[in-house]
Amino acid sequence: MKKRVRKAIEVMIVASLLISTLTACGSSSGKKSSGSGVKKASVGTLEVAWFPSSIKSALTTVAYDQGYFEEEGVTVNCDVLLSTADSLTALSTGKVDVVPVGITLQLQFMAEGQDLIFFGGSAQEGGAIITKPENTEQFAELSGWAGKKWASARSYTGDNIIRAKLREIGIIPEQDIEIDYLNDDTSIVQAVSKGQVDVGYITADGVQTAKNFGLDLGIKVGDIDPCYPCCRQTTTSKVVQEKHDELVAYQRGLIRAYKLILNDHDNAIDIMVRQTGQTEEYVTEALYGDYASRYNPDPAKNRVVDYAAYLIGEGIIKDADISGNVNTEIFREALDQILKEYPDDPDYLALKEFSDKYDV
């Protein structure tokens, strides 16, 4: 059963990312380097799996676009790949050094003993509960879900959060709720709109589509499980050992991109529209909407361990301690270096406070 679930997750992840990548990368040459600016001394090169049409990798995309990596002393070659599964294969064979998207598949591999390390974050939270306006009040709390029909995608991080929270209040998924697993946000939105299901869960990427269909947005999943982790920055212990300084410089670039996304909305939207090929309306909703993910470079070790526990409870991954697969030192070193340059910066200080809470 676990193998079937895992295979289904892999297929859905591959399919969804393949579609999104081909949409925006048709004219890409397949490899680009971040631009140059006022540079620190060069420490080396990283090969990074690049998903240019993905909003979830906004930190990497913004840092790449703005030349932050080169300025921080690391040459980043961004290699276009078609899926999380493909990128993890490339990582395991040494073709890339960093994968900036995905979490569930990585945790499955980690629990099976594969050498994968989370050393930073890309996105956290994001996603919404949707229903018809006349049903909004009924689904304002998870307690109203018993006996209803729910549409979701099994590959979604938020799907596992909701399932865990339902169990906590005594509602057993697939026993007390009928679940219709679909392939993507659009399919879920259509199923809710047509009345084929009572309620749905979509990612932040599907929020604008739900609005266009006249559906109501209900529970924000981040409200029932604050700071839950979504896409992570993944590498291997070999890369950590051999390219430590490069990873630290890369993280400094991500931290700077985090600050830009927080404060310069117009510029961030312009960058992501240009790089992803998505519409301005779509990018604005995905970056700054009420149900958008937060783009945070912190590894958030405690929250990753919590999420792994949810997956263990659902039988998706083996019961294993993955805490050793989360490296917090690289991020903290990068942040400490940034804070030496900007000791009073409120955004960087807030990031340190976040790390002090979630990386213990």
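The values are calculated or read from the model by the stated rules, or taken from the named source; none is laboratory data. Model, not experiment: these values are computed from the prediction. Don't worry about glycine lacking a Cβ; one is built from the backbone with ideal geometry, like all the others, and counts go over all protein chains shown. Just the protein is used for accessible areas: all its heavy atoms, side chains included, with ligands, DNA and RNA removed. Shrake-Rupley method; radii C 1.70, N 1.55, O 1.52, S 1.80 Å.
Please verify whether segment 44-54 includes one or more residues that are open to solvent by less than 10 Å² (accessible area, probe 1.4 Å), at pLDDT below 95 and hydroxyl-bearing (Ser, Thr, Tyr).
Yes, because at least one residue in segment 44-54 is open to solvent by less than 10 Å² (accessible area, probe 1.4 Å), at pLDDT below 95 and hydroxyl-bearing (Ser, Thr, Tyr).
Given the condition of a type in the set (Ser, Thr, Tyr) and either in the same structural domain as Glu329 (by the TED database) or farther than 30 Å from Glu329 by Cα (or both), answer yes or no: does some residue in segment 129-136 qualify? Give the derivation first.
Step one: of segment 129-136, the residues of a type in the set (Ser, Thr, Tyr) are 131, 136.
This time we only want the ones that are either in the same structural domain as Glu329 (by the TED database) or farther than 30 Å from Glu329 by Cα (or both), so: 131, 136.
Yes, that holds for at least one residue.
A quick yes/no check of all residues on (1) assigned to a helix (DSSP H, G or I); (2) in the same structural domain as Leu287 (by the TED database); (3) under 24 Å from Gly206 (Cα atoms); (4) modelled with pLDDT under 95:
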position	(1), (2), (3), (4)
Ser28	no, no, no, yes
Ser36	no, no, no, yes
Val76	no, yes, no, no
Leu82	no, yes, yes, yes
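What pairs come up if the first residue lies in segment 226-254 and is at positive phi, the second is part of a helix (DSSP H, G or I), and their beta carbons are under 6 Å apart, counting only those six or more places apart or on different chains?
Listed by first residue and then by second, the contacts come to Cys227/Arg303.
Please work out which one of (1) under 18 Å from Glu246 (Cα atoms); (2) assigned to a helix (DSSP H, G or I) is the condition Phe119 fails and give its number.
Evaluating Phe119 over (1) under 18 Å from Glu246 (Cα atoms); (2) assigned to a helix (DSSP H, G or I) leaves (2) as the failure.
When you scan segment 335-354, do you find a residue that is basic (Lys, Arg), free of Cβ contacts under 8 Å to residues at least 12 places away in the same chain and assigned by the TED database to the domain that holds Asp115, even just one?
Yes, some residue in segment 335-354 is basic (Lys, Arg), free of Cβ contacts under 8 Å to residues at least 12 places away in the same chain and assigned by the TED database to the domain that holds Asp115.
Of the residues Ile13, Ile19, which is of a type in the set (A, V, I, L, M, F, W, C), buried (at least 21 other Cβ atoms within 10 Å of the Cβ) and modelled with pLDDT under 85?
Ile13
Which residue, of Asp184, Asp115, is of a type in the set (Asp, Glu), closer than 19 Å to Ala85 by Cα, in contact with a helix residue (DSSP H, G or I) (Cβ under 7 Å, 6 or more places away or on another chain) and assigned by the TED database to the domain that holds Thr84?
Every option except Asp115 fails the conditions.
Taking Ala292 and the conditions (1) within 15 Å of the chain's Cα centre (by Cα); (2) free of Cβ contacts under 8 Å to residues at least 24 places away in the same chain, which numbered condition does it fall short on, given that it satisfies the others?
Evaluating Ala292 over (1) within 15 Å of the chain's Cα centre (by Cα); (2) free of Cβ contacts under 8 Å to residues at least 24 places away in the same chain leaves (2) as the failure.
Among the residues of segment 98-145 satisfying the criterion of being open to solvent by 10 Å² or more (accessible area, probe 1.4 Å), small (Gly, Ala, Ser) and at pLDDT 95 or above, which is farthest from the chain's Cα centre (by Cα)?
Within segment 98-145, the match that is farthest from the chain's Cα centre (by Cα) is Gly113.
Could you grab the pairs with beta carbons closer than 8 Å, sequence gap of 6+ or different chains, first residue in segment 257-276 and farther than 26 Å from Phe331 by Cα, second one part of a helix (DSSP H, G or I) and not hydrophobic (A, V, I, L, M, F, W, C)?
Val273/Glu280; Arg274/Asp65; Thr276/Thr61
Output the residues belonging to segment 226-245 that are open to solvent by less than 20 Å² (accessible area, probe 1.4 Å) and either more than 29 Å from Gly126 (Cα to Cα) or in a helix (DSSP H, G or I) (or both).
Result: Val239, single match.
Considering only segment 184-214, how many residues are surrounded by 24 or more Cβ atoms within 10 Å (Cβ to Cβ) and in a loop (DSSP other than H, G, I, E, B)?
Matching residues across segment 184-214 total 1.
Scan segment 79-135 for residues that are in contact with a Leu (Cβ under 7 Å, 6 or more places away or on another chain) and farther than 24 Å from Ser293 by Cα and jot them down.
Correct list: Ala90, Asp97, Phe109, Met110.
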